[in-house]
Amino acid sequence: MTPTLDEFAAEVRAFLDANADRAAQDEFTWGIGSDEITVYAEKSSAEEEAAVRAAQQWRAKMWEAGFGWITGPQEYGGRGLDPEFERVYLDLEAHYRVPSQTMFGTALGVVAPTILAHGSDWLKERYLPRLFRGEILACQLLSEPGAGSDLASLSTRATADGDQWVISGQKVWSSRAHYSDIGLLLARTELEAPKRKGITAFIYPMGTPGTDVRPLRQMTGGSEFNEVFFDDARIRDRHRVGDVNAGWLVFRTTLQSERASIGLRGAGYGGSGLVGLAAPERVVQLAQHFGLSDDPVVRQDLARLHTGYRLVEWNANRRPPLAPAAAKYATARHVNWAASMIARLLGPRICADTGEWGTYAWKQLLLGACAMRIGGGTDEVMKNGVGEGVLGLPKEPS
Ligand SMILES: Cc1cc2nc3c(=O)[nH]c(=O)nc-3n(C[C@H](O)[C@H](O)[C@H](O)COP(=O)(O)OP(=O)(O)OC[C@H]3O[C@@H](n4cnc5c(N)ncnc54)[C@H](O)[C@@H]3O)c2cc1C
């Protein structure tokens, strides 16, 4: 029987009370506690492993208690409830200290919806429960050195050989591929067909012999991206998602899911943690600390920060949801504007470490925010999408 929202909330509270500590009141006071701003920060492999393990253990608990896949179909272990229920869960969970779940963003917000929409029964049964239980992690194997915004130009090949596909080529910018168990792969299966008609999608087991994952170091110090090389790696045909040469159709689901999971709440991991880092109350205290809060230009910027913050929050929760490209673009734009505004407040302190609390730490946001304007599709590509798909403007010449 479907619970009411109140009954469900009571169930969630009981689960959280029994399994997690309440977060301390989330009031920020300048100079107290850690000033760390974690955006693509450098982590040792031991720290990364520990974070992944803690996140997996938490998901396993959520799954056992019936909160692992609140909106998912019951046949794959989901609760079959409306997105409203997921939002109730997320709102309540935000008041507790639970391990960060960001590493599941791609697995649950992007790869799982793609499998659910286009995968065979075998793929759904094999992977969906394990993904939501946190047992396995997933990445996207899409971009290549010669194919980013124009992904249809990709050249990684998949050649049929009996019941197997032989994969050769290279992917790049594959976030978290170094600890993923599977990857959503797009590969060219037909050379003669028009670009978008010769591509097939696969769920690629990352442990397949012939796979080489090489981390790339980012300017923030972390190494979340990778290059992935395929040297005649063989996978079974049952790992194919959708029909042969119908990969572009599959990819449309992937793309929409990814944008939604960045800009919308309750879709995957909802909104961007980066927006919260530049919460207005925090930045107001920064301005006060440096005696800038009476400066009319700074006050105007603080008002804009507050407005932008609220707009991102409201957009993320809008029903019916905002077009994913618009939500993703608006979120990325706000975070980047916030990062540059904070840099203006701090002046040279953001690039030279004086040891002063709450100053140089912001460099992580400044360096990391720009990634949001690129990952999941660039700002320009989002604007094209909104122009053509939402506003009905003429298509750009291809
Ligand atoms: C944080 C992050 C995470 C990522 N994670 C993954 C991942 O997990 N898996 C994966 O496969 N990829 C990933 N990527 C790669 C990402 O999808 C690509 O970087 C992105 O699609 C842009 O491609 P590109 O870098 O090749 O730039 P290009 O496509 O070469 O674009 C260069 C510039 O040209 C502009 N441009 C291109 N086409 C147009 C157009 N038609 N109209 C107007 N302007 C245009 C772009 O806006 C950009 O400014 C990630 C990237 C980032 C930053």
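Of all residues in segment 195-223, count the ones that are farther than 16 Å from residue 170 by Cβ, assigned to a loop (DSSP other than H, G, I, E, B) and at pLDDT 95 or above.
Counting residues in segment 195-223 that are farther than 16 Å from residue 170 by Cβ, assigned to a loop (DSSP other than H, G, I, E, B) and at pLDDT 95 or above gives 3.
Please indicate, with yes or no, whether at least one residue in segment 30-43 is closer than 30 Å to residue 216 by Cβ, hydrophobic (A, V, I, L, M, F, W, C) and at pLDDT 95 or above.
No: zero hits.
Looking only at segment 139-174, filter to residues that are within 8 Å of the ligand (Cβ to nearest atom) and of a type in the set (S, T, N, Q); which one of those is farthest from the chain's Cα centre (by Cα)?
149
Can you give me the ranges of the helices (runs of 4 or more DSSP H) entirely in segment 77-154 with at least 1 residues that are small (Gly, Ala, Ser)?
In segment 77-154, the matching helices (runs of 4 or more DSSP H) lie at 112-118.
Kindly provide the set of residues from segment 100-133 that are within 24 Å of residue 58 (Cα to Cα), of a type in the set (Gly, Ala, Ser), more than 14 Å from the ligand (Cβ to nearest atom) and surrounded by fewer than 24 Cβ atoms within 10 Å (Cβ to Cβ), ordered by number.
Residue satisfying the conditions is 100 alone.
For the subset of segment 44-74 comprising residues that are part of a helix (DSSP H, G or I) and small (Gly, Ala, Ser), which member is farthest from residue 15 (Cα to Cα)?
My answer is 45.
Against the definition (farther than 23 Å from residue 108 by Cβ and in contact with a strand residue (DSSP E or B) (Cβ under 9 Å, 6 or more places away or on another chain)), how does residue 240 come out, yes or no?
no
When the residues of segment 135-147 are filtered to those that are touching a Leu at 6+ places or on another chain (Cβ under 9 Å) and in contact (Cβ under 8 Å) with a residue 24 or more places away in the chain, which remaining residue is nearest to residue 234 (Cα to Cα)?
141
Among the numbered conditions (1) surrounded by fewer than 17 Cβ atoms within 10 Å (Cβ to Cβ); (2) in a strand (DSSP E or B), tell me where residue 167 comes up short.
(1)
Could you tell me whether segment 224-232 includes any residue that is over 17 Å from residue 168 (Cα atoms), buried (at least 19 other Cβ atoms within 10 Å of the Cβ) and within 15 Å of the ligand (Cβ to nearest atom)?
yes
Kindly check whether there is at least one residue in segment 346-368 that is under 16 Å from the mean Cα position of the chain (by Cα), farther than 23 Å from residue 29 by Cα and modelled with pLDDT under 95.
Yes, segment 346-368 contains a residue that is under 16 Å from the mean Cα position of the chain (by Cα), farther than 23 Å from residue 29 by Cα and modelled with pLDDT under 95.
Only one of 78, 105, 68 is touching a residue at least 12 places away in the same chain (Cβ under 8 Å) and within 22 Å of residue 252 (Cβ to Cβ); which?
105
How about segment 2-24: which of its residues are hydrophobic (A, V, I, L, M, F, W, C) and either in the same structural domain as residue 93 (by TED's automatic domain parsing) or assigned to a helix (DSSP H, G or I) (or both)?
5, 8, 9, 10, 12, 14, 15, 16, 18
Test each condition in (1) under 24 Å from residue 3 (Cα atoms); (2) exposed (fewer than 14 other Cβ atoms within 10 Å of the Cβ); (3) of a type in the set (Lys, Arg) for residue 87 and report the one that comes out false.
Checking residue 87 against (1) under 24 Å from residue 3 (Cα atoms); (2) exposed (fewer than 14 other Cβ atoms within 10 Å of the Cβ); (3) of a type in the set (Lys, Arg), the one that fails is (2).
So, of the residues in segment 368-398 that are of a type in the set (Val, Ile, Thr) and over 30 Å from residue 41 (Cα atoms), which turns out to be farthest from the ligand (Cβ to nearest atom)?
The residue in question is 390.
The values are calculated or read from the model by the stated rules, or taken from the named source; none is laboratory data. Note that the structure is a prediction, hence the values are computed from the model and not measured. Positions of Cβ are generated from backbone atoms using ideal geometry, with glycine treated the same way; all protein chains shown enter the neighbour counts.
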